[in-house]
Amino acid sequence: MAQVYVAAGSNVEPETYLARALCALESHFAPLTVSPAYRNPAAGFSGADFINLVVAFRTELPLGQIRQCLQDIEALCDRLPDAPKWAPRSMDLDMLLYGDLVSDQAGLVLPRPDLVRRPYMLKPMADIAPGLRHPTLQRSMLELWQAFDAGAHPMCEVTIPRCAPHPPPESGR
């Protein structure tokens, strides 16, 4: 059984899409531990603010199946499979950690290098797993966050509903 941490972020109707993603993640991986959500400016391009959070869950599924599930949830949230990297997005789900696994498979490097470079990943991670040690840096998430230059990266905590159901189909009456 592996403890998995996934970053979720959106800057296109973020409250709606994050709630939808949380609902889908809950249906696949319950119970979830969900960090506070943070609003922050877009990084790498000009655009609407993002809202980001981190989700943790335990699973026996292998990496490939989790990755496919995350891509399916991104599609459920109207993310196009060929969406450009530095552009607005309805949903971005990134696996940060899969237990203590260290991997540099093409397209899936673990632990995710952005975890310690991006405040919108590291702060929510430190919120839900402050004592967890980074598999290669051997420092706790709280220690890594305390050493981070948070003042250079403004974030504001916001509330996200846990589940946004799809609208009901219209009846033929």
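Data overview
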{"read-out": "Potential lengthening between Lys85 and Leu32 on full extension [0.36 nm per residue; Cα-Cα distance subtracted]", "value": "16.4 nm"}
{"read-out": "The chain: angle of helix 14-29 to the longest principal axis, Cα-based, in degrees nearest 10", "value": "80"}
{"read-out": "Accessible area in square angstrom per residue, region 61-132, 1.4 angstrom probe", "value": "49"}
{"read-out": "Alpha-carbon centroids, region 46-86 and region 123-139: separation in whole Å", "value": "21"}
{"read-out": "Accessible carbon and sulfur surface of the chain relative to its total accessible area, %, 1.4 Å", "value": "53"}
{"read-out": "Reduced Cα scattering model of region 1-88, Debye log10 I(q)/I(0), q = 0.10, 0.16, 0.21, 0.22 Å⁻¹", "value": "-0.25, -0.65, -1.07, -1.16"}
{"read-out": "Charged-residue dipole, Cβ positions (Lys, Arg, Asp, Glu), the chain about Cα centre, Debye nearest 20", "value": "140"}
{"read-out": "Selected from Ala37, Gly99, Val12, residue furthest toward positive end of dipole (the chain; charges at beta carbon)", "value": "Gly99"}
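The values are calculated or read from the model by the stated rules, or taken from the named source; none is laboratory data. Not measured: the values here are computed from a predicted model. Don't worry about glycine lacking a Cβ; one is built from the backbone with ideal geometry, like all the others, and counts go over all protein chains shown. Surface accessibility is based on the protein's heavy atoms, side chains included, excluding ligands, DNA and RNA. Shrake-Rupley method; radii C 1.70, N 1.55, O 1.52, S 1.80 Å.
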